[in-house]
Every structure is written in C-alpha cells, then in structure tokens.
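**Q** If you scroll down you'll find the structure; I have some questions about it.
The values are calculated or read from the model by the stated rules, or taken from the named source; none is laboratory data. Note that the structure is a prediction, hence the values are computed from the model and not measured. Ideal geometry is used to build each Cβ from the backbone, glycine not excepted, and the neighbour counts take in all protein chains shown. To get the accessible areas, we keep the full protein, side chains included, count just its heavy atoms, and leave off ligands, DNA and RNA. Shrake-Rupley method; radii C 1.70, N 1.55, O 1.52, S 1.80 Å.
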Amino acid sequence: MPLLALLMWPLLGVVWSIPLADPAAASQWLAQAPQVQSAEDLADLENGDSEDLQLSDSDDTLQVNLATRSLQLRSDQQSFNQRAQVFEAEGNVEMVFGRTRLLADRMRIELQEQRVVAEGNVQVQLDQQRVQGERLEYNFTEEQGTLEPAFGEVDIGNLPTDDDHPTLSSSPLTRTSGEDPSRLLRFQAARIEFDATEWRGIDVRITNDPYNPPELEYRSPQVTTLLRADGSSVITADQGQLVFDQAFFLPLPIQVRLDQLNQQPPISVYFDNFDREEIRRGLVIQPNFELLETPNVSFVLSPQVYPQRLFDELGGLENGLGLRTDLNVKYPNTGQVTHVMAELRGVVFEELSDRLLLEVEHLIPTGRWGRVTYSYGFRERFFSGLLGFQIVQNRLGTRYASPTQTLGNSGIAFNYQLALDLIDALGQDPINTDVALGEQTSDQQLQLARLQVGTTLSRSFILWQPSPPPTPGSPPELHLKSETTVANLWESNRQPPPSLRFSPVPIEEGLWLNTGLSSSQSYYTNGEAQSFFSGSIGIDAVVGRFVKDTLDYTNVSVTYTNGFLSGASPFLFDRITTREQLDLGILQQIYGPIRVGAETTVDLQSGQAVDTTYTLGYDRRTYGLRININPERETGALELRVDSFNWNNVANPITELNRGIEQKDEL
C-alpha cells in the first residue's frame, strides 16, 4: 500500500468538494454550512439531513452531499474569516472522510492561497496505514505538500510473504502457532515531501520490528514511494545501511527496493561445485545491482566472482568471472508475472553453449491461488536423487498447479498438478534393465514429449499438545505528544512479550502424526511410461518454545515412504530411483538464537544417503543468518533473512523433483 499519497488522496477530495477555485461560492457555503460540534450534529448528517448542504444560485450550482460522501468534521471551535478567506478549526480537530481520518490540534484552509495547513499532533489514518507529524501543509494548485517531522506505519500485506522461505529455518521441521507475523513497517523521517503519486522521505529510518528498541533498521538519506495505478506501491531506499540490534552496521552501497516482485538480496554468497571439472565454480560472490526501476519492471545485473577459480591451474580471469541477469515483469491488475534468468559461467565465448544457463517463466493465476506456468529452459539443472545432478539441454512446456483444498470436513488436504513438456535431454531408448536404475548413465540425447499427472492427499493428527502459546497481542500505539519528539518515539518502551524473543510468532509445541498418499504418472511419446503410487507416515515433535537461553527448542521429524513403481522414464533427470526411503531431521537450539540442524533422505534398498543438508542458524525475531551445506550436491549458501523484505535467497538455480515431478515456487 502507498504511504502519504494514498492516505491523503481521499482527504484531498473532501477539500476539493469545497470550490477553492471560486472563493465567493466557498465563502457562501462555509457561512451556511452547519457547525459540527457534537454527536447529535454528526447523527443529523449521517441520517441524510442535507437541507443545509446544498447551495444554488442563478449562475452556478454547487452540491456538497456530505451524507452520501460520509464527511464528518468535529472540533471544539470553528470560524471563517470572510475577508481573509480563511476557514479555521481548533481544538481536537477530527475529519473523517470514507476510510481516511485526519486528526490535528489546529486546521486552517486558506482559500486565496489554495492550501491547507494542519498543526499539532497531526495524524492521517487509512485502515492500517498511519502517518503522524507536527505540521502538514498542502498546496492544491501545485498538488504538493510536506509533513515534518513524520513517523508512521505502512501495511505491506500486498508485498511478498516469506512462505517460500520460512522465517525460522528452511527446514519443514519448524512449527509455529499458525499466526502470521505483523505485516507493518514502521518508519520515521525528518521531513516528507509528497504529491499525488509519490512521497520522498528525508533522513529515513525503516524497521520491520513493531517493538522498541528495534532489532533491525534500514537507515537511508532518502526513501521514495511511488503509487501504482492498482493501488500498490514501490518503496525505493537510497544507499544506506542495515543496523542490527543498534550495535552492528552493515553498509549497503546499492539501492534497496520493496515491492511485489521477488528480488535478489544486495549480495549473494554461495558454493556450487556442480558442472564438468574445468568449469566448476566453487565459492561464488555475487553482488546484485538493479539497473531498471520502473513500478512493474525490474532488471538486475549480477557480476560473479569465483575466488577459487581465479588462482588455480585451470582458472584465470576467463574461468574466474561470470555474469547473471534477472528480469521481472509484473502485469498490473492481472497478477501475471514474467521472469527471465540468464547466467554465463565464465567468459570463454567459444564455449558459450556449454556455459550459458537460461530460464524463462510466465505465470498466470487461475482461480483462487491456482496457477498456470509457461516455461522454457536451456541447460536447466535438476537434482535427481541417486542419479545426482542432471542437465536438460532444452525444455519447453506448460504446467498447472492447483490450490490445496480441504475435502469437506475430513481434514484431508488435496492438490494436483498437470504438465506437458517437449524435452531434449540425456536418456536411454531402449532402457537398460541390466543395471540398477540408480546407477545408470548415458550419452544418448533424446527428444521426446512428456505428459505428467501428479496428485497428493495428506492429513495430520494431533497426538499430544500442551496449552497453546500465549497470544502476544498488538504493541501499544505511538502518539506524538507535546513533550515527545520523533527521535525519542523510536526509543520508547515497546518491549516484546517473552514468546517473541527469537521468533516473529509463538512456537507451537506438540506431537503430530503425518500421513499421505501420492501418485505420479508420466507418459512419453516413445511409448514408455513411469507410474509411482506411494504412501507415507511420519512423526513430527516440537518441544520448547525458543524463549530461554539454552536447549529450549527441539524439533525432530521421522517419515517413512514406500510405494509401487512401474516402468521407468527414458530420461535420466526425472527417473524415479528411490522406491522406499526414510526422511530424518532435527533442529536444536544450542544457546540464545543459535540453532543447528540436519536433514537427510536415505534410500533403504541401497542404504545410501540420497540428500543431506546441515544448517547453522542465528535466528532473531525480525532477521536471521544461516549457513547451509549439502555434501551430496556439493553446494552451500550463506543466507541473510530480513522479514517483510522481498529478498529471495535462492541464488543458485536448481529445479527440485518430488516423485519425478517438478516442484516450483511462485514467482
């Protein structure tokens, strides 16, 4: 949602309903308008008593139907100076128009100067948006105004959530009370300059923490919010710094943009050792620069440095440098999104076809959260369990993913997916049946079409659960009183409840039994088919609420899966090689915000670990830092989480498979 521009927009309609361009008519109306000073007066207006609300003369007709437009004005005193053409209201001034509410100690409308001035404890409110300050001035001719000093809150419920990247851990082990953390950003500024479409804040501090002192702030000399046609907004902050716990400062020498499009964080650091030996990258340091900043389009240029390759015998500059670009396009009023990612691993142009990765996706929402995705991939990377990483040379397709629905009152969750693809990748035709599926290799390139259908049924049962965690409630409201300033409001007493010490929502303790049934069917144009029906059962246990200093959070998960596998894919990348598996996971608090975890999938027929991830995390209520290492994939990452920021930490593009079916997050 926009900030001051959207908050003031309905209010400006109120003032323009008084004909400022015609002071004579305005003075007649103001002289005849009722003095609204009591609840009875307001009731008369709301009940449609408009006898005094219409004015007509022989030359022009002015109609101000306040009852229809829901205008309410209240103050201790009101007056109109006809000579100076100034209307004044003083003492507990309150104006309500639709969903917008303006409060001030004093308000003055200067008809000759075409401006309105509100002073003393100025508050502008629209739903969850709130802006406050000491002096508000607006010029109707220039459609510009200022508010200083200013602080407030903006509801960013329309910005991307962290559902795809959980706030406490990437592990599915983490359970919370199911409540969403606050979607409000607080801000303060020495001065705000605004017009009908945007506002500019000077010396701005922004925090995602509703409590004081803020755990995290972004400080910038200037922040701009641009109002979109669909009512959403783009928040752009100039070069500034992140401040952690009022003690640690992290400079960000690039602009930060918050909107509905997922963005790379200012810098990405990860490890990637998958590719043929001469172009393995190892450690990757990738700063991300946004070069195009229109409301609905984002273009990010990300140079890459591979420190390990710069100095080894197969390295040098041509193998030690790379480049990635990301283009995101959002189509207003439709919800459609287009994403294009291109990555060049090394600058050896004669090997361009072996070093370039390209992914194009266009997402179309259908129904409630269902979506259709059209996609193309060149040298797309898949992780295929026992077969490891596989590269698909070309893939063009479309996919529909249904919303997850509950079947009646059964508590059973159901979803399905349909996909049709044209694929060019390594495979076998005919399939070699003399070697175990998980040990096969091939240099045969196949070009086939594939139709996939996948369905899932799941339900969880509560086996044990103590009393629910206490509800934290809303933090106390902040008001700018005569003895306070914007600066000391930031340091006022707004301590969080104990249940939110290290997490944005209370942790839910308990023991759950998880069950599921799934089916995946794949059909290929060479006549081959792959079918897999499986069932799973597992236990998920959470002990502790992550509020004490030591050992106050333990999450353990054990899931067993078995099924019936018929046929095999002619391709290697989507071949199902694990029929019976055991998934194990643990996440344990060590001290304070520090937690360690491990997850592994074991193929029970071969006894091999298919996929293992180790994590070390530092988790706070509003931000976190995590290190992930996966020895099977030879990948790792250093991830910075900032709640409510639209940063996507998935810098290393890998397509995941579940039962041979692709798993894609929403763009």
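**Q** Tell me, what ³J(HN,Hα) does each residue in region 612-618 have, in order and in whole Hz, if you take phi through Karplus 6.51 cos²θ - 1.76 cosθ + 1.60 with θ = phi - 60° and put x for Gly and Pro?
**A** 9, 10, 10, 10, 10, x, 10
**Q** Let me ask another. Short version: ³J(HN,Hα) in whole Hz for each residue of region 201-214, in order, from phi by Karplus 6.51 cos²θ - 1.76 cosθ + 1.60 (θ = phi - 60°), x for Gly and Pro, what are they?
**A** Once θ is set to phi - 60°, the couplings for region 201-214 become x, 10, 6, 9, 10, 10, 9, 9, 9, x, 10, 10, x, x Hz.
**Q** Per residue, how much accessible area does region 540-649 have with a 1.4 Å probe, in Å²?
**A** 39
**Q** Pull out the extension gain between Gln82 and Gln255, defined as 0.36 nm times the separation in residues minus the alpha carbon to alpha carbon distance; nm, one decimal.
**A** Gain on extension, Gln82 to Gln255, equals 57.3 nm.
**Q** Let me ask something else about it. Can you give me the long-range amide H partners of Arg501? Hydrogens built in the peptide plane at 1.01 Å from N, cutoff under 5 Å, separation of 5 or more residues or another chain.
**A** Under 5 Å from the amide H of Arg501 lies no amide H from a residue far enough along the sequence or on another chain.
**Q** Still on this structure, I have one more. Quick query: amide H of Leu283 versus all other amide H atoms, modeled in the peptide plane; which residues come in under 5 Å with a sequence gap of 5 or more or a different chain?
**A** Asp272, Gln308
**Q** Follow-up. Let's test the formula: R0 of 51 Å, r as the Cβ-Cβ distance of Gln112 and Gln405. What FRET efficiency results, to the nearest 0.05?
**A** 0.25
**Q** In whole Hz, what ³J(HN,Hα) sequence does region 111-122 give by Karplus (6.51, -1.76, 1.60; θ = phi - 60°), x for Gly and Pro?
**A** 5, 5, 7, 6, 8, 10, 10, 10, 9, x, 6, 6
**Q** Can I ask one more? How much area per residue is accessible in region 373-460 when the probe is 1.4 Å and only protein heavy atoms are counted (Å²)?
**A** 48
**Q** Let's see if you can work this out: charge +1 on each Lys and Arg Cβ, -1 on each Asp and Glu Cβ, no other charges. What is the dipole magnitude of region 561-646 about its Cα centre, in debye to the nearest 20?
**A** 300
**Q** Projected area of region 522-592, taken from the Cα convex hull and averaged over every viewing direction, in nm²?
**A** 6.5
**Q** Dipole of region 290-392, Cα-centred, from +1 at each Lys and Arg C-beta and -1 at each Asp and Glu C-beta, to the nearest 20 debye?
**A** Using only the charged Cβ atoms, the result is roughly 540 debye.
**Q** Subtract the Cα-Cα distance of Ser566 and Leu625 from 0.36 nm times their separation in residues, and report this length gain in nm to one decimal.
**A** 16.9 nm
**Q** While we're looking at this one, here's another question. Considering the convex hull of the alpha carbon atoms of region 562-667, report its projected area averaged over all viewing directions, in nm², one decimal.
**A** Averaged projected hull area, Cα only: 8.6 nm².
**Q** List the residues of region 365-388 whose backbone N lies under 16 Å from a point placed 7 Å from the Cα of Glu439 along the Cα-to-Cβ direction.
**A** 386-388
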